[in-house]
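Below: one structure, written as structure tokens.
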Amino acid sequence: MTSAQTTHIIGLGSIGSFVAHSLRSLPNPPSVTLLVHRSNLYEELASKGWKLGLRLGENGDLQEEGEFDAEMLGESSDSHPIYNLIVAVKASATVSALEPIRHRLGSHSTICLFQNGLGQVEDLNKRMFPDISTRPTYIFGIMRHGVYLRSSTEVVLASSNGCAAVGIVRNEEFSSRPSQPQFLLDVLLKSPVLRCEKMEWPHLLREQLLKLAANCVLNPLTALLDVRNGDIKDNRDLWPLHCRLLKEISMVYGKLPELQNLPRDLAHFSVELLENVLLDTINKTARNSSSMREDIRKGRETEIEYINGWIVRRGRELGIDCVANESITQLVLAKSHQDGRDKNFQIWKAK
């Protein structure tokens, strides 16, 4: 296959590994190259013959897929262009993860972001692609599958009821670009395990904003209280805080310039609607432990600045004071960086 028909994947957590396995299990699979940051993971993949395993259900049979290519980042001078890239690292690590391959990305590239939160595209454009003529085409992905890693090379798909959605980001420079290759989009849509649907950008943006609103309540509160998702609904003392967070989010959404020209049914985000989305999410994931809770428990950096922090930043731009979301953001930063080792927390504390 040509390099234009090769899909690169960076971020081999549960989502990245699940997508990689799904692509290689197609009847006529594309060439897939795994971009690896950690030498121990690279060595483990090599010892297993460059294979990844997937179990459909916790007690399902192990299905292995191989013939992956792999690159150890930082040790290779590879300069071949990357045409199709799936990014499944945490939102906060997007720029740093892509820095080693910056020279291989450009207007010829299509980048699909399977991540929580919002603001990554703005970060990439500001810090890596300030010149509009060199910017990649972006695809956003929403993952609705319940997946987790059993080991570094084995992922479990918790149920068969999940799905995913993808769509091309339409921004101010998109309409002036030449037509972009649809190879990556087409490959993602073919996988029967991934169950991916294509959504036009206005509909996908709405889905992202609804998911973000639920995450703005669930993720930080489960992390701060160290509880599972269902406990947030059962704790009546938290209900007034739910309401304040969602009121601020509703006000910000109502003034977002990117929504102003959309039909009302796509641009409508009442507090009542956001509450219903939150309750539906809690009911469907009651036994789940949120990703932010797991990050706190394992001493990892959280995505808070791309969840509630995004609401706070957009609120400032629009003249809306988001006190509740800002307080939650600061509390999560304080909890995750209480050992004082993170420079970002030191900067925040000095403000």
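The values are calculated or read from the model by the stated rules, or taken from the named source; none is laboratory data. Note that the structure is predicted; figures quoted are calculated from it, not measured. Using ideal geometry, Cβ is built from the backbone for each residue, glycine included, and neighbour counts are taken over all protein chains shown.
Of all the residues in the stretch 105-114, those that are free of Cβ contacts under 8 Å to residues at least 60 places away in the same chain and crowded, with 18+ Cβ neighbours inside 10 Å number 4. Of everything listed in (1) surrounded by 18 or more Cβ atoms within 10 Å (Cβ to Cβ); (2) closer than 21 Å to ILE282 by Cα, the single unmet condition for GLY162 is (1). Taking the numbered list (1) buried (at least 21 other Cβ atoms within 10 Å of the Cβ); (2) within 30 Å of GLU64 (Cα to Cα); (3) within 17 Å of the chain's Cα centre (by Cα) in turn, LEU185 passes all entries but (1).
Determine whether ASP237 is within 25 Å of GLY66 (Cα to Cα), free of Cβ contacts under 8 Å to residues at least 60 places away in the same chain and acidic (Asp, Glu).
Working: within 25 Å of GLY66 (Cα to Cα): no; free of Cβ contacts under 8 Å to residues at least 60 places away in the same chain: yes; acidic (Asp, Glu): yes.
Judged against the criteria, ASP237 is not a match.
Inside the stretch 120-143, residues that are surrounded by fewer than 18 Cβ atoms within 10 Å (Cβ to Cβ), of a type outside the set (Gly, Ala, Ser) and farther than 15 Å from ARG102 by Cβ make up a count of 2.
From the list GLU58, GLU67, exactly one residue is more than 27 Å from ILE139 (Cα to Cα) and surrounded by fewer than 17 Cβ atoms within 10 Å (Cβ to Cβ). Which is it?
Result of the check over GLU58, GLU67: GLU58.
Looking at the stretch 149-266, the strands (runs of 3 or more DSSP E) lying wholly inside it that each contain 3 or more residues that are hydrophobic (A, V, I, L, M, F, W, C) sit at 154-157, 164-168. The helices (runs of 4 or more DSSP H) found entirely in the stretch 272-341 that carry 3 or more residues being over 18 Å from the mean Cα position of the chain (by Cα) and aliphatic (A, V, I, L, M) are 323-336. Residues of the stretch 98-123 that are of a type in the set (S, T, N, Q) and either within 21 Å of VAL187 (Cα to Cα) or not in a helix (DSSP H, G or I) (or both): SER107, SER109, THR110, GLN115, ASN116.
Candidates ILE296, ILE304, ILE347: the one that is of a type in the set (Val, Ile, Thr) and modelled with pLDDT of 95 or more is ILE304.
Could you pull out the residue among THR285, THR281 that is out of contact with any Leu (no Cβ under 6 Å at 6 or more places or on another chain), buried (at least 19 other Cβ atoms within 10 Å of the Cβ) and hydroxyl-bearing (Ser, Thr, Tyr)?
Numbers: THR285 fails: buried (at least 19 other Cβ atoms within 10 Å of the Cβ).
Exactly one residue qualifies, and that residue is THR281.
Suppose we filter SER47, SER31, SER92, SER39 for residues that are under 21 Å from the mean Cα position of the chain (by Cα) and either more than 22 Å from SER109 (Cβ to Cβ) or polar (S, T, N, Q) (or both); which single one remains? Can you show your working first?
Working: SER47 fails: under 21 Å from the mean Cα position of the chain (by Cα); SER31 fails: under 21 Å from the mean Cα position of the chain (by Cα); SER39 fails: under 21 Å from the mean Cα position of the chain (by Cα).
Answer to the selection: SER92.
The single residue among SER47, SER79 that is in the same structural domain as HIS21 (by TED's automatic domain parsing), out of contact with any Gly (no Cβ under 9 Å at 6 or more places or on another chain) and free of Cβ contacts under 8 Å to residues at least 24 places away in the same chain turns out to be SER47.
One line per residue, one yes/no per condition, for (1) at pLDDT 95 or above; (2) of a type in the set (Gly, Ala, Ser); (3) within 19 Å of LEU194 (Cβ to Cβ):
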residue	(1), (2), (3)
LEU62	no, no, yes
GLY66	no, yes, yes
THR94	yes, no, no
SER107	no, yes, no
ILE111	yes, no, yes
